[in-house]
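Step one of this worksheet: look at the structure below.
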Amino acid sequence: MLTKPQKTRLHLVLESLSRRGEFSNDEQSTLKRLSAGYEGELNFYTILKENLKVKPIQLFDLQIHVNGSECQIDALLIFENELIVCEVKNYQGDFIINNGDWFTLTNQEIRNPLHQLSRTKVLLQQYLKKHNLSFTVKEFIIFVHPEFHLYQAPLNTPIIFPPQINRFMNQLKNIPCKLHNKHKNLEKLLTTNHQSHSSHSILPDYNYTSLRKGIICKKCNGDMEEVGRKYSICLQCSSREEYDQAIKRNIKDFSCLFPDKKVNVKEVSDWLDHKTSSFRIRTHLSRKFTLVNSGRSSYYVFKDEENEE
């Protein structure tokens, strides 16, 4: 949990709906933004993994409440005496700062990420003070996309541009990183108080009846059907996928969109539009999922979810 970038619930829901329901322009734009942000965080995660031999505690997509306000941190690095707050941006293209405001070169104003970063730092400092913890907090905006450029950027701002990332990694290597119980206690405190859902994320309206059923192709969103015992094939683009992977992926759509519904043979069969036999579904669930035995109300949970908490 929090040791690697994770997609938000809104992100997962929009991905699932894009395959199975009507999709508005606003929802498409939101999904595109969330996907770009997630890819940027994964990029930064990989950079840290490849460059830092001495490992600080790393927490991603951390969200805590501080004095009634939400504090969201893309990446928090816990060193011996310092906390490094990283706001990761995956912006692509040319941008300009004019009188402190940020614009694209097509004159579209965007939210000033420096203001967002400053607010995050203040909230984190308040959180540390509340819990009697003493750390120096430093903050940086990391622009990870190689095709990003910012005109008229002021000097002495906590901005790391793509060509500066390697130098930034070298700076991190020189920060003392002897970790003790207080660091583990801070990690536990933050993860315990982490809020998995933001009050600012409003899910779109949808219902079970209106959504498309079946085994959906991950490449083109076409319909898939079983081929033999091992594979499923897309009727639209002819791509093949291992049967177990295709079924599990589509069950994840079901669980994401309807977390209150139980995963069982009847529900999965209906969700897959009865394109595969109940026997094969039961066999798959028995092998790949964990049975929660409640007699006639038995259901299954994902095995990889058992260790998420």
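Among T46, I96, A75, which residue has its Cα positioned farthest towards the positive end of the charge dipole of the stretch 1-100, with +1 placed on the Cβ of Lys and Arg, -1 on the Cβ of Asp and Glu, and the dipole taken about the Cα centre? Of T46, I96, A75, it is T46. Dividing the Cα radius of gyration of the stretch 243-305 by its Kirkwood radius returns 0.91 for Rg/Rh.
Dimensions of the chain from C-alpha coordinates, computed as largest minus smallest value along each principal axis and given longest first, are 63, 50, 37 Å. Cα centroids of the stretch 135-193 and the stretch 241-309: 40 Å apart.
Bridge orientation summary for the chain: considering DSSP beta bridges with both residues in this region, about 70 percent are antiparallel. Pairs from the list K188/K248; K230/K303; K49/K89 with a Cα-Cα gap above 23 Å: K188/K248.
Legend note: in the chain, cysteines whose Cβ sits 4.7 Å or more from every other cysteine Cβ are C71, C86, C177, C256.
Please give the Cα centre distance for the stretch 211-230 versus the stretch 50-67, rounded to the nearest Å. The stretch 211-230 and the stretch 50-67 have Cα centres separated by 38 Å.
Its Cα gyration tensor gives the stretch 9-193 an equivalent ellipsoid. The semi-axes, each the square root of 5 times an eigenvalue, are 28, 21, 17 Å from largest down. Counting only aspartates and glutamates at least 8 places from K219 when in the same chain, those with an alpha carbon closer than 17 Å to its own are E15, E241, E242, D244, D253. Dipole check for the chain: with +1 at the C-beta of Lys and Arg, -1 at the C-beta of Asp and Glu, and the Cα centre as origin, the magnitude is about 1060 Debye. List the aspartates and glutamates whose Cα lies under 20 Å from the Cα of K178, skipping any in the same chain that are fewer than 8 positions away. Correct list for K178: E50, E80, E82, E187.
Laboratory data are not the source of any read-out in this text; all were calculated from the coordinates shown. Only a predicted model underlies this, so the values are computations on that prediction, with no experimental measurement involved. Neighbour counts are summed over all protein chains in view; Cβ atoms, including those assigned to glycine, are modelled from backbone coordinates with ideal geometry.
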